[in-house]
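Undergrad: Have a look at this one.
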């Protein structure tokens with residue numbers, strides 16, 4: 001019994017076999033790839049991020065320009081509403097739409113469209129005021145589709161070095177790097193778990 005106990009004690013102190021050179025090299029390559037991938041993703045996120053404030057600014061300017069144009073076209077109808085309906089545009093529209101004259105009714109439809117368009121652009125312009133992060137969230141999730149497409153098609157890329165662009169670029173670059181890092185780590189953990197499960201299954205056979 002003493003001999004068996006002595007053997008067990010010796011086995012406990014036997015050093016674990018070092019990893020093979022192939023395994024160590026594979027791990028080193030994985031770390032290198034992960035580091036390069038992290039840098040690439042951060043750089044891409046930085047380049048994308050510094051464009052965001054400029055794009056949001058151009059979007060806001062287009063909203064303002066469209067609103068000014070609609071307001072000018074609507075000014076004559078607003079004056080008519082002021083003179084005859086106490087400034088009530090809805091009453092002016094209802095008066096036109098109730099007319100027996102088809103041309104008058106068609107004009108009422110035009111006035112109604114301009115009025116709704118002006119209200120929409122006024123609300124959109126109000127949404128584009130305040131902190132930059134509030135404007136970014138609005139453009140990302142609740143933009144005016146028509147103006148967004150117009151801004152995108154006419155947008156010119158630049159590399160601004162003002163504080164908002166730099167802060168936004170670093171923030172987006174960091175978030176993307178963390179996201180990819182977490183995704184890569186998850187893939188590695190799943191791969192190791194599968195290999196461990198496969199090895200355990202093979203040993204039980």
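Undergrad: Among the numbered conditions (1) surrounded by 15 or more Cβ atoms within 10 Å (Cβ to Cβ); (2) within 17 Å of the chain's Cα centre (by Cα); (3) in a helix (DSSP H, G or I); (4) modelled with pLDDT of 95 or more, tell me where residue 112 comes up short.
TA: (2)
Undergrad: Evaluate the stretch 115-134: report whether one residue or more is in contact (Cβ under 8 Å) with a residue 24 or more places away in the chain, over 27 Å from the mean Cα position of the chain (by Cα) and surrounded by 12 or more Cβ atoms within 10 Å (Cβ to Cβ).
TA: yes
Undergrad: Against the conditions (1) more than 18 Å from residue 143 (Cβ to Cβ); (2) assigned to a helix (DSSP H, G or I); (3) without any contact (Cβ under 8 Å) to a residue 12 or more places away in the chain, where does residue 71 fall short? Just the number, please.
TA: It fails just one condition, (3).
Undergrad: Sticking with this structure for a sec: Taking the stretch 115-159 as the region of interest, how many residues are assigned to a loop (DSSP other than H, G, I, E, B) and modelled with pLDDT of 95 or more? Give the steps one after another, and end with the answer.
TA: Let us first name the residues in the stretch 115-159 that are assigned to a loop (DSSP other than H, G, I, E, B), namely 128-131, 142-144, 155-159.
Now drop any that are not modelled with pLDDT of 95 or more, which leaves 128, 142-144.
Residues that pass the stated criteria total 4.
Undergrad: Here are the criteria: (1) touching a residue at least 60 places away in the same chain (Cβ under 8 Å); (2) not in a helix (DSSP H, G or I). Tell me which single one residue 86 does not satisfy.
TA: Of (1) touching a residue at least 60 places away in the same chain (Cβ under 8 Å); (2) not in a helix (DSSP H, G or I), only one is false for residue 86: (1).
The values are calculated or read from the model by the stated rules, or taken from the named source; none is laboratory data. Bear in mind that the values here come from a model prediction, so they are computed numbers and not experimental data. Neighbour counts run over all protein chains shown; Cβ positions are idealised from the backbone, glycine included.
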